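This report refers to the structure that appears directly beneath it.
The values are calculated or read from the model by the stated rules, or taken from the named source; none is laboratory data. It should be emphasised that the depicted structure is a prediction, and the values quoted were computed from it without experimental measurement. Note: ideal-geometry Cβ built from the backbone for every residue, glycine included; neighbour counts use all protein chains shown. The protein model used for the area step is the full one, side chains on, heavy atoms only, and it has no ligands, DNA or RNA in it. Shrake-Rupley method; radii C 1.70, N 1.55, O 1.52, S 1.80 Å.
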Amino acid sequence: MKRIYQDYHMHSSISPDSNVPMEEMCQSAIDKGFKEIAITDHFEFFSKGVIEYRFNEAYLEEYSKTIKDCKEKFDGRLIIKKGIELGQQHLQLEMSNRILQSYKFDFVLGSVHKINKLDLSQIKYNYSIIDIYCKRYLEQVYELVDKGDFDSLAHLDLIKRYASQLNVEVNLIDYRIELAQIFERLIERNKGLEINTSSLRQGLDEPFPTVPILKMYKSMGGEIITIGSDAHNPFDIGRDFDRVISILEEIGFRNIYTFDNRKSQRIELF
């Protein structure tokens, strides 16, 4: 059976939403047979001039030291890429650019977790407002894709996760005009699109983004695909990647991509 041996989205206890040491995440990846991972701990940007207390230089220094130690400890057993997940970087481009110039990452995920300071998980979704929030979400995604310095767009469809928790169904494929604008710019800028499997362990039946959205990306000429579990604990590393293999084959993607020093590297799967 074909396998994916690269997980390009996971978090350690350096991120505020995980309590598992990076060393433990790396050892688990080895135990599961992975050859390469990217540790993509969070760094969130807020409205202009607003800095959340934990996302600072000390945070980045701790991350850099910890990943350096892990690279040394697991040398020859696991390729560990220095990554980061930048949330809403388009809101503070100057600060984002300074971070990227100073800390020399291998891989950068671009994410949208918030709309106007409000986290997607905090919105009280219902059918009277869901269209408004889907459009606002996609507007923010376009701003990120248009202006941000990242390598792969993470968990497009994320709003679907939180709306579903309140029994509100979201189908972003209904927003074809907005998606077309996002994908046109994403492809123009040679950025990738992530397939994120976290939705499959959270009660949804497809990854982020869904198969129709992935087909749309492919039909527009999109080729760069990264795969991430979005694991915050060892158990979830690489989870449901077997489903991704089937989806990639169905749509016609023949390759996935990894990164080194922000340069893409193609891996043939079929």
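Side notes on the structure shown:
- Pairs where the first residue, in the stretch 72-101, is assigned to a loop (DSSP other than H, G, I, E, B) and the second is surrounded by 22 or more Cβ atoms within 10 Å (Cβ to Cβ) and small (Gly, Ala, Ser), C-beta under 7 Å, 6+ apart: LEU78/ALA29
- All of TYR127, TYR137 fail the test of being surrounded by fewer than 22 Cβ atoms within 10 Å (Cβ to Cβ) and hydroxyl-bearing (Ser, Thr, Tyr), apart from TYR127.
- Checked against the criterion of being over 23 Å from THR40 (Cα atoms) and of a type outside the set (A, V, I, L, M, F, W, C), the candidates GLU194, GLU139, GLU206 yield just one match: GLU139.
- Contacts under 9 angstrom Cβ, first residue in the stretch 151-165 being open to solvent by less than 10 Å² (accessible area, probe 1.4 Å), partner in a loop (DSSP other than H, G, I, E, B) and of a type in the set (Ser, Thr, Tyr), 6 or more apart: SER152/TYR8; ASP157/THR210; ILE159/TYR125; ALA163/TYR125
- Pair list, Cβ < 9 Å and 6+ apart or interchain, from the stretch 236-262 residues that are within 28 Å of GLY203 (Cβ to Cβ) to residues that are among the charged types (D, E, K, R) and buried (at least 19 other Cβ atoms within 10 Å of the Cβ): ASP236/ASP230; ILE237/ASP7; GLY238/ASP7; PHE241/ASP7
- Neighbours by Cβ (under 6 Å, 6+ apart or cross-chain): first from the stretch 16-38, among the small types (Gly, Ala, Ser); second open to solvent by 20 Å² or more (accessible area, probe 1.4 Å) and assigned to a loop (DSSP other than H, G, I, E, B): SER18/HIS232
- 1 or more residues open to solvent by 10 Å² or more (accessible area, probe 1.4 Å), out of contact with any Ser or Thr (no Cβ under 6 Å at 6 or more places or on another chain) and small (Gly, Ala, Ser): qualifying strands (runs of 3 or more DSSP E) within the stretch 173-270: 263-268
- Flag if ASP146 is under 19 Å from TYR59 (Cα atoms) and within 18 Å of the chain's Cα centre (by Cα): no
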